[in-house]
Amino acid sequence: MGNKVVIAMSGGVDSSVAAALLKQQGYHVIGMMLRLWSETGREESNRCCTPDSMALALDIPFYVVDAKELFYSTVVQSFLDGYAQGVTPNPCLICNRQIKWDFLLNHALALGADYLATGHYAKKQETEDGKWQLLRSTDRSKDQSYVLHVLTQEKLAKALFPVGEYPKPEIRKLAGTFGLPTAARSDSQDLCFLAGEDYREFLRRNAPEIGHPGPILTRDGKTLGEHQGLAYYTIGQRKGLGVAFRVPLYVLAKDAATNTLVVGSEEELGSRELIAKDVNWISGEAPTESFRAEVKTRYTAREAWAEITPLDVNRPGETLRNLRVRFDAPQRDITPGQAAVFYDGDLVLGGGMII
């Protein structure tokens, strides 16, 4: 097995400790940072591109790769398009599929690397028959396997997740042990191109045409007021609706065809069923019959048990792409544009986009 690895570096504590751990384990480590798109005049706010990521005291070769145009055309544009279509997109899923584990992986392989490593909190293991499995991280509170469900066997074979075995407090201690200036740096919780800003302000600047006012209706068709644009609301939202009612109201649905925001009481919130499209199975083998698994419908959501049923008929050489998910109990925050990810204990089976 080769020992040359490219580590995707963001300037944060996780990726810098991952690089240090790889060096400690005897790998020949090369740091690589992607220069991502930022709005003009706001470049220094892009947290994935801060200059301190170029000054890590690791004594390893370091490269910066320009990915501005690709990042905008794939990640940012899909973010804008999703809101224009009335869904709530998750750009981190697009970024992992097309930027980190395609564009960046190809750059790593072009340098002769055997692996691409990241600071994701996840684990992988090889089965007796040579298959690769993706597993949740040791630290469940930081687990990032949800966004990695897009990985295939070929890409998982090339992946390394050095911090996945550690709890986050231990990673911070290791950063101090390694003498890394990122030891006390706080975690970034927002999308890199938003730089801490509310996404609504980003949309108002970059896609003002999608903010068309429309009616706010109850499920039985009663008009309660006017919304400011479907893009500015999310399923399950309670505050900021701008309407008064006898009970607290929540966003139940967004109808892009009629530009209608549907609201209702907490008792009306939630659904027991969803359809997922473009499903990726990490094993490379799609199920042909219904099965039970735990399902996560948002990165921060708790897993819930459900019956998962294939919708398409398998054909030779083709992979099943669409599924129906029927939960044992109603789920409050099923949101089109997010991913439904399937788990068997710690094992990540795969996932697809909620429609």
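We did not get these values from a lab; they are worked out from the coordinates using the rules stated. Only a predicted model underlies this, so the values are computations on that prediction, with no experimental measurement involved. Virtual Cβ from ideal backbone geometry, glycine too; neighbours counted across all protein chains shown.
Can you tell me the 0 to 90 degree angle between the C-alpha axis of helix 168-177 and the longest principal axis of the chain, rounded to 10?
Value to nearest ten degrees: 30.
Long-range amide H contacts for Val263: which residues qualify at under 5 Å (H placed 1.01 Å from N, peptide plane, sequence gap of 5 or more or a different chain)?
Residues meeting the amide H criterion: Leu217, Thr218, Arg219, Leu252.
Please work out the ratio of the alpha-carbon Rg of region 212-268 to 2.2 N^0.38 Å and round it to two decimals.
Values: Rg = 9.9 Å, N = 57, 2.2 N^0.38 = 10.2 Å.
Taking the Cα Rg and dividing by 2.2 N^0.38 Å, one obtains 0.97.
For region 196-344, what D do you get in µm² per second when you plug the Kirkwood radius from alpha-carbon pairs into Stokes-Einstein at 4 °C and 1.567 mPa s?
Details: Rh = 17.4 Å.
Once the numbers are plugged in, D ends up at 75 µm²/s.
Taking R0 as 22 Å, what FRET efficiency do you get between Glu268 and Glu226 from their Cβ-Cβ distance, rounded to the nearest 0.05? Don't skip to the answer; put the middle values down first.
Numbers: r = 21 Å, r/R0 = 0.93.
For R0 = 22 Å, the calculated efficiency reads 0.60.
Over the alpha carbons of region 4-177, what is the largest minus smallest coordinate on each principal axis, giving the biggest first in Å?
Principal extents (Cα only, largest first): 45, 39, 34 Å.
Taking the chain on its own, what percent of its Cα-Cα pair distances exceed 26 Å?
Roughly 55 percent, rounded to a whole number.
Length gain on complete extension for the stretch Asp198 to Ala157, per 0.36 nm per residue less the alpha carbon to alpha carbon distance?
Details: separation 41, 0.36 × 41 = 14.76 nm, distance 3.69 nm.
Taking Asp198 through Ala157 to full extension adds about 11.1 nm, to one decimal.
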